[in-house]
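Q: The structure that follows is given in the form of structure tokens.
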Amino acid sequence: MNTSQAPRGRFITFEGTEGTGKTTQAGLLRDYLHSRDLDVRLTREPGGTRVGEQVRAALLEPTDAPLDARAELLLMFSARAQHLAEVVYPALQEGAWVLCDRFTDASYAYQGGGRGIPDSDIKKIESVVHPGFQPDLTFVLTCALETAMQRVNRRGEKDRFESESQDFFERVQAAYLKRAEREPDRFAVVDTEPEIGRVASRIRQTVDSRFSL
Ligand code: TMP
């Protein structure tokens, strides 16, 4: 699709390391926007389409055979291309608010910061998959890595990413914060150490003020 003709609903993404509460907070924001009579679609990456969910399963499955970092990156973007074409762009064109649990910032944070692929390489692929298209607002949820790891451990069996080292997650978190610092107009960094309701209220206030709701 030609993104210059694109959208205009709103595209809001949720980012952060695992255990920061993205999925919970995205669901609470959906409920809030629904209560304001808005058409809201909640989706996720990798995933959100039939083929995307198949790619997700392949990416998250714990395995002894290491997945090449570039193969991992391209799988993320292949799922993303399908998700944009099938779900995100059509919804935005219908005027919906699309809330997405992770998007391209995750590729910069995990495959870039975490795996060490240069940003310039990721940018090239990004420019093929969604030239000129960015979220209207991106929440980066943060908490102490110890808190995040405790939350992940409570969930039970770990997937391929959740099994990474603390060092890996420190690099991921640092990459997110660096991106947020560079683009303060698009990003909002939210500490999720406080209880869920207070975090949700902070997120609602940010949305209200950025979009004059
Ligand atoms: P989730 O379970 O938090 O939704 O995310 C699945 C995993 O995929 C998570 O560990 C982060 C990872 N991921 C990447 O490494 N790169 C990406 O571009 C995306 C969207 C997710």
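The values are calculated or read from the model by the stated rules, or taken from the named source; none is laboratory data. Given the structure is predicted, the values throughout are model-derived calculations rather than measurements. Glycine also receives a Cβ, built like all others from the backbone with ideal geometry; neighbour counts cover every protein chain displayed. When the accessible area is computed, the model is the full protein with side chains, heavy atoms only, and any ligands, DNA or RNA have been set aside. Shrake-Rupley method; radii C 1.70, N 1.55, O 1.52, S 1.80 Å.
Q: Output the qualifying pairs, or none if there are none: Cβ atoms under 6 angstrom, residues six or more apart or on different chains, first residue in segment 88-110 and away from the ligand (no atom under 16 Å from the Cβ), second residue part of a helix (DSSP H, G or I).
A: From residues that are away from the ligand (no atom under 16 Å from the Cβ), the pairs are TRP97/LEU33.
Q: For ALA69, state whether it is within 24 Å of ARG171 (Cα to Cα), within 12 Å of the ligand (Cβ to nearest atom), touching a strand residue (DSSP E or B) at 6+ places or on another chain (Cβ under 9 Å) and in contact (Cβ under 8 Å) with a residue 24 or more places away in the chain.
A: No: the conditions fail for ALA69.
Q: Of everything in segment 5-39, what is in a loop (DSSP other than H, G, I, E, B) and not polar (S, T, N, Q)? Give them in sequence order.
A: Residues satisfying the conditions are ALA6, PRO7, ARG8, GLY9, GLY16, GLU18, GLY19, GLY21, ARG36, ASP37, LEU38, ASP39.
Q: Out of curiosity, is SER78 among the small types (Gly, Ala, Ser), open to solvent by 20 Å² or more (accessible area, probe 1.4 Å) and away from the ligand (no atom under 12 Å from the Cβ)?
A: no
Q: So which residues in segment 129-148 are touching a residue at least 12 places away in the same chain (Cβ under 8 Å) and in a helix (DSSP H, G or I)?
A: Listed by number, the residues that qualify are VAL129, LEU145, THR147, ALA148.
Q: Could I ask something else about it? Tell me, please, whether a residue that is among the hydroxyl-bearing types (Ser, Thr, Tyr) and either within 12 Å of the ligand (Cβ to nearest atom) or free of Cβ contacts under 8 Å to residues at least 12 places away in the same chain (or both) can be found in segment 111-127.
A: The answer is yes, given that some residue of segment 111-127 is among the hydroxyl-bearing types (Ser, Thr, Tyr) and either within 12 Å of the ligand (Cβ to nearest atom) or free of Cβ contacts under 8 Å to residues at least 12 places away in the same chain (or both).
Q: Still on this structure, please answer the following. Do you know which residues across segment 160-184 are within 15 Å of the ligand (Cβ to nearest atom), of a type outside the set (Phe, Trp, Tyr) and surrounded by 14 or more Cβ atoms within 10 Å (Cβ to Cβ)?
A: Within segment 160-184, ARG160, GLU162, GLU164, GLU170, ARG171, VAL172, GLN173, ALA175, ARG179 meet the criteria.
Q: How about segment 136-155: which of its residues are within 27 Å of PRO66 (Cβ to Cβ) and either open to solvent by less than 40 Å² (accessible area, probe 1.4 Å) or within 12 Å of the ligand (Cβ to nearest atom) (or both)?
A: LEU145, ALA148, MET149, ARG151, VAL152, ARG155
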